[in-house]
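Okay, so here's the structure we're looking at.
Coordinate-derived values only; no laboratory data. These numbers come from a predicted model, not from an experiment.
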Amino acid sequence: MKEPRTLAGPGPLPDERGVLFLLVRRGIPLALAVISFSAATLHGAARGWWILAGVGALAAAWPSFLRGQAFLRNRTAIMRQDTLWANALLPLARWLGQEEAWILAFCGYNNLRVREAFLAQRAKRALILLPHCIQMSRCKAGILDDLQACYDCGLCPVGDYMNAALLNRWEGRITNRSHKAYREAREYRPDLVVAVSCTDRLLKGLTKMPELPCYVIPLSLAHGMCVDTDFNAPHLFSAMETLVEPRRLPARDIQKLRRDGIA
Ligand code: SF4
């Protein structure tokens, strides 16, 4: 019998692990720019071409320096370029046995910039996206149609999320298909998405929705892909409390939601 979960309260957002991606994303074009401009000074015959290559390399590095509002304004173009880098180097990372570390570095770098942008001015219209596989596989509660069908039995993260979402009036969707999640996000038109998924779906989501700022949180797959997955719920709560304007109801308007029952 699975024990009910105990949940730590939300603390500060954890440090993001984006240094590896930043080193590659900014370091390679800057190194190419240095090589090109050095070659331009040494080889007079093809100087024009070398200078052109150097300028191109600087232009490729430039988006990695944009932060805050400049990042949000140019987000679609920046994310298209960043995801190009992430996807281009994925086969190499896979060959080195570092695929997950590479995707998490990309996600961490993305999160860092989203955090910087929304710490200055918190989001007003945020949307949470969660995968259906966080629901315990033997639970029959119809949470896809109605989140409040969950009995909050404490055996999976859905009850934790439901309580927090109702208390704080967070908007969220639990979906069983990536394309549905993208459609929901585009229809809702949020200024921030906070998404939980496995690492390869996070990369896919950031690639498919470059126009929407997304703070992403990886799933833990203790039982394998798509079965009884879990995630750091306090991390999600911290992200919402830190990056999104509060919408919590006054205490007198809050009804107790926990129901008797088990999954
Ligand atoms: S009833 Fe329990 S197992 Fe089912 S979704 Fe809710 S918390 Fe998870």
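Across all C-alpha atoms in the chain, the radius of gyration and Dmax reach 21.5, 81 Å. For the chain, the antiparallel share of DSSP beta bridges with both residues in that region comes to about 5%. Helices assigned as whole DSSP H runs in the chain whose Cα atoms extend at least 30 Å along their own long axis and whose mean Kyte-Doolittle hydropathy is 0.0 or higher are found at 19-42, 99-120. Report for region 102-249 the percent antiparallel among DSSP-assigned beta bridges with both residues inside it, nearest 5. Of those bridges, close to 5 percent are antiparallel.
Across region 81-163, the mean sequence separation of Cα contacts (distance under 8 Å, 6 or more residues apart), normalised by length, yields a relative contact order of 15 percent. With Cα atoms as the point set, region 102-249 shows a radius of gyration and Dmax of 14.4, 43 Å.
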